[in-house]
Amino acid sequence: MQKEILRTIENVEIYPLISLIIFVLFFIGMFWWVVRVDQKYIDHMKQLPMNEEHQKTSDHETNKN
Amino acid sequence: MSGVTLEKFSYDNKIVKYFGAATLIWGLAGMLIGVLAATQLFLPEANLGNPYTTYGRIRPLHTNAVIFAFVGNAIFAGIYYSMPRLLKAPMWNKTLSWFNFWGWQLIILSAVITLPLGLTTSKEYAELEWPIDIAIAVVWVSFGANMIGTLLTRREKHMYVAIWFYLASFVTIAVLHIFNSLALPVSFFKSYSAYAGVQDALVQWWYGHNAVAFFLTTPFLGLMYYFLPKAANRPVYSYKLSIVHFWSLIFIYIWAGPHHLLYTALPEWAQVLGVAFSVMLIAPSWGGMVNGLLTLRGAWDKVRVDPVLKFMVVAVTAYGMATFEGPLLSLKSVNAIAHYTDWIVAHVHIGGLGWNGFLTFGMLYWLWPRMWKTNLYSVRLANTHFWLGTLGILFYALPMYVAALTQSLMWKEFSDMGRLAYPNFLETVIQIVPMYMLRAIGGLLYLSGAIIMVYNLIKTAGQGIFVEEEMDEAPALAKYQSQAGEYWHRAWERKPIFFTLMATVAILIGGIVEIIPTILVKSNVPTISSVQPYTPLELQGRDLYIANGCVGCHSQMIRPFRSETERYGEYSKAGEFVYDRPFLWGSKRTGPDLHRIGGKYPDSWHYHHMVDPRSMSPGSLMPPYPWMSTNTLSHDDIGAKIRTLQKLGVPYPEGYDEIARADLEKQADQVVENLKGAGIEVAPNSEVVALIAYLQRLGTDINKETADLPIR
């Protein structure tokens with residue numbers, strides 16, 4: 001019965017294949033970017049949540065790194 | 001940065017306070033309703049003897065209150081606090097902020113009213129009817145517009161990873177909500193799903209799973225990446241890891257929905273795809289958890305004394321547990337045991353109580369003293385809350401695991417004679433009643449902790465002075481513009497939009513590959529020729545079944561296992577559901593499967609069972625529905641219902657809406673006649689008559705000759 005359903009779509013075999021290709025390309029692209037990305041950018045980003053220290057209202061010990 | 005002119009601006013704390021307070025209020029309400037639902041499962045009297053508070057209606061009220069009201073308001077509170085600070089700009093538009101706030105509370109209020117009234121689509125976590133769905137879409141888009149506007153007016157060039165998570169959540173929930181809610185209205189409070197049967201199931205679980213992913217997970221990961229470093233006072237362990245975490249999570253999550261439908265009538269390839277992607281999910285999820293926990297490296301001495309960090313550590317650990325368990329549950333062999341049992345209930349509560357609850361608590365304990373410029377009123381009370389909450393989670397989850405394994409094994413056990421060892425379903429329920437009691441105690445512990453928190457936060461606010469607008473200053477982003485020229489300025493401005501588009505593409509790829517083939521399947525053409533549309537009376541009965549949330553306890557999907565076919569009958573076929581709008585496969589078997597209930601008992605059995613389940617099944621936990629024998633239906637809407645279904649492609653004959661009423665009355669008279677034979681007097685337009693007609697029809701079509709079809 002399941003084959004019967006699938007027969008109504010032409011070339012259903014192509015779907016898993018497309019998924020796999022998109023998937024592999026996506027991850028290669030992402031890792032390629034992450035490995036090459038500028039370390040200065042990473043350091044800057046890391047500090048973003050910590051950079052609010054000049055607010056006068058903040059009463060927890062501040063971290064000046 | 002010396003020599004640069006600084007612009008002064010302020011952050012709006014008032015909106016954060018309002019969202020935070022809403023989280024507290026709805027949180028208590030949602031948990032209280034949860035405790036009520038838990039109690040109903042061992043004490044049917046707790047259904048309180050009226051339709052509005054029966055389990056079938058209370059359960060969706062609980063899930064909606066907790067997901068959309070408690071967690072939803074926490075998300076907004078956290079985002080409205082962190083986003084402006086990360087971007088060095090106030091939220092773009094205050095009117096939109098307040099529209100977001102009041103709109104969201106009104107939506108929740110309408111859920112609190114409509115769900116107990118039985119106005120529901122019955123699709124899990126998407127129960128609200130179409131007018132409310134439209135309101136949700138409008139408010140959600142206003143929230144998104146406010147975020148994007150803030151990005152365009154930001155003073156910080158780069159978007160911190162938390163904001164990536166916020167944006168992806170916004171986009172994905174918008175897409176999911178709109179596609180899953182597509183329906184054709186019959187009236188202001190009733191609609192029929194645009195999808196039927198297998199299609200509807202696939203779209204629903206594509207939505208349902210991703211609601212968990214993009215409402216309960218990704219926004220909270222954003223909050224984790226902001227509030228955990230803040231609370232620990234050290235930057236996130238690895239920013240690169242958080243990038244990988246983000247992209248792989250949103251890319252993989254969207255494919256995993258079909259794991260909710262293993263062994264069902266869903267096509268095999270979709271099931272396989274769902275399993276594969278679910279298993280892969282463990283990698284990014286654990287990457288995120290490790291990143292969170294390692295952020296605390298060298299700060300564990302602080303964790304021991306600071307309740308904020310304690311809550312956050314348990315939250316992140318619970319995230320790790322739930323995301324380990326999720327892929328495990330997606331494996332077909334594990335799923336065969338766990339599906340339909342309390343294992344799934346335990347699983348979601350590890351996520352809900354542990355991850356969402358504890359992260360919210362940690363965040364609120366951190367926010368309140370800061371916004372009121374004071375210290376937490378009582379660290380000791382916060383620690384008490386922490387231990388009560390942790391005990392609550394344990395008392396909730398452990399009994400549920402025991403209950404699930406016990407019951408599942410009983411369902412599947414065969415005697416030496418080759419028969420079911422426990423042919424009476426109820427026996428397997430009564431066995432786990434003590435576990436249900438323990439679970440309610442767990443819920444109660446968790447709730448009492450939350451009450452202590454509310455007291456503590458009120459006291460904290462009382463001893464401080466609320467800072468409504470927090471001042472800050474930063475150089476304008478426009479400075480870069482003059483250096484790099486017009487072109488770059490515009491490229492930067494477009495970047496957040498471009499980024500949002502990329503995230504959308506990532507989630508759409510998974511969605512399209514998964515959904516399109518199923519949409520292409522011509523499910524409106526019956527693959528089983530004897531399967532016919534419901535008669536008008538059965539349709540009314542079905543809508544009662546929906547309105548009363550019977551789907552919360554009963555599945556209608558018999559899996560192809562011997563233990564199931566032996567118990568319930570022939571396993572369910574995709575072609576049998578082509579007229580089911582919405583599908584009612586269910587996800588939890590507190591009661592037995594009902595797909596082959598048709599013809600199993602005489603009408604009189606159902607009558608007595610609905611009025612008082614324990615008269616037919618001593619010890620039953622099913623709520624009694626005595627009013628169904630006296631409440632009547634006007635049936636005035638049947639013509640409109642038939643016409644709506646015709647528009648959706650259900651092949652009722654041309655002009656059938658005109659004569660449907662007569663057909664309905666004829667069938668009702670027949671049921672009344674049958675009941676009279678058993679000495680029961682009931683009006684033909686009473687609710688129970690329609691419900692019996694529906695129950696007796698269920699699952700019987702495949703045995704029929706095409707000749708004796710109800711509608712020709």
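The table for this structure:
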| item | result |
| --- | --- |
| Among (1) at positive phi; (2) crowded, with 20+ Cβ neighbours inside 10 Å, the one test that B:Lys373 misses | (2) |
| Hits in the range B:548-568 - residues which are in a loop (DSSP other than H, G, I, E, B) and over 20 Å from B:Ser333 (Cβ atoms) | B:Asn548, B:Gly549, B:Cys553, B:His554, B:Gln556 |
| Within the range B:336-432, helices (runs of 4 or more DSSP H) holding 3 or more residues that are more than 23 Å from B:Thr264 (Cβ to Cβ) and modelled with pLDDT of 95 or more | B:358-371, B:379-412, B:425-430 |
| Test for B:Thr218: is it touching a Leu at 6+ places or on another chain (Cβ under 9 Å), more than 14 Å from chain A (Cβ to nearest Cβ) and surrounded by 23 or more Cβ atoms within 10 Å (Cβ to Cβ) | yes |
| So B:Ala662, is it loosely packed, with under 15 Cβ neighbours inside 10 Å and either among the aromatic types (Phe, Trp, Tyr) or closer than 29 Å to B:Pro185 by Cα (or both) | yes |
| The range B:108-127 residues that are at pLDDT 95 or above, paired with ones that are aromatic (Phe, Trp, Tyr) (beta carbon under 6 Å, 6 or more apart) | B:Pro116/B:Tyr52; B:Leu119/B:Phe189 |
| A:Thr8 vs. criteria at pLDDT below 80 and facing another protein chain (nearest Cβ under 7 Å) | yes |
| Test: B:Leu61 is surrounded by fewer than 19 Cβ atoms within 10 Å (Cβ to Cβ) and of a type outside the set (D, E, K, R) | no |
| Yes/no for B:Lys332 being more than 28 Å from B:Val433 (Cβ to Cβ), surrounded by fewer than 22 Cβ atoms within 10 Å (Cβ to Cβ), touching a Gly at 6+ places or on another chain (Cβ under 6 Å) and of a type outside the set (S, T, N, Q) | no |
| Sole residue being in contact with a helix residue (DSSP H, G or I) (Cβ under 7 Å, 6 or more places away or on another chain) and within 26 Å of A:Leu20 (Cβ to Cβ), chosen from B:Gly222, B:Gly287 | B:Gly287 |
| Candidate set from the range B:145-161 (those that are in a helix (DSSP H, G or I) and crowded, with 20+ Cβ neighbours inside 10 Å); member that is nearest to the other protein chains (Cβ to nearest Cβ) | B:Val161 |
| Among the residues listed as B:Lys641, B:Lys676, B:Lys666, B:Lys704, the single one being modelled with pLDDT under 95 and of a type in the set (D, E, K, R) | B:Lys704 |
| Spans of helices (runs of 4 or more DSSP H) in the range B:569-666 with at least 1 residues within 17 Å of B:Leu426 (Cα to Cα) | B:603-611, B:613-616 |
| Verdict on B:Ala315 being touching a residue at least 40 places away in the same chain (Cβ under 8 Å) and either surrounded by 21 or more Cβ atoms within 10 Å (Cβ to Cβ) or farther than 18 Å from B:Val348 by Cα (or both) | yes |
| Set B:Leu241, B:Leu262, B:Leu228, B:Leu216: member being modelled with pLDDT under 90 and outside the structural domain of B:Gln556 (by TED's automatic domain parsing) | B:Leu262 |
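Listed here are the residues, each with its yes/no results for (1) crowded, with 22+ Cβ neighbours inside 10 Å; (2) touching a Ser or Thr at 6+ places or on another chain (Cβ under 9 Å); (3) farther than 16 Å from B:Met471 by Cα.
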| position | (1), (2), (3) |
| --- | --- |
| B:Ile75 | yes, yes, yes |
| B:Ser82 | yes, no, no |
| B:Trp98 | no, no, yes |
| B:Trp104 | yes, no, yes |
| B:Ala111 | yes, no, yes |
| B:Thr114 | no, yes, yes |
| B:Gly118 | no, no, yes |
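The values are calculated or read from the model by the stated rules, or taken from the named source; none is laboratory data. In this text the structure is predicted, and so the values were computed from the model without any measurement. Reconstructed Cβ throughout: ideal geometry from the backbone, glycine too, with neighbour counts over all protein chains shown.
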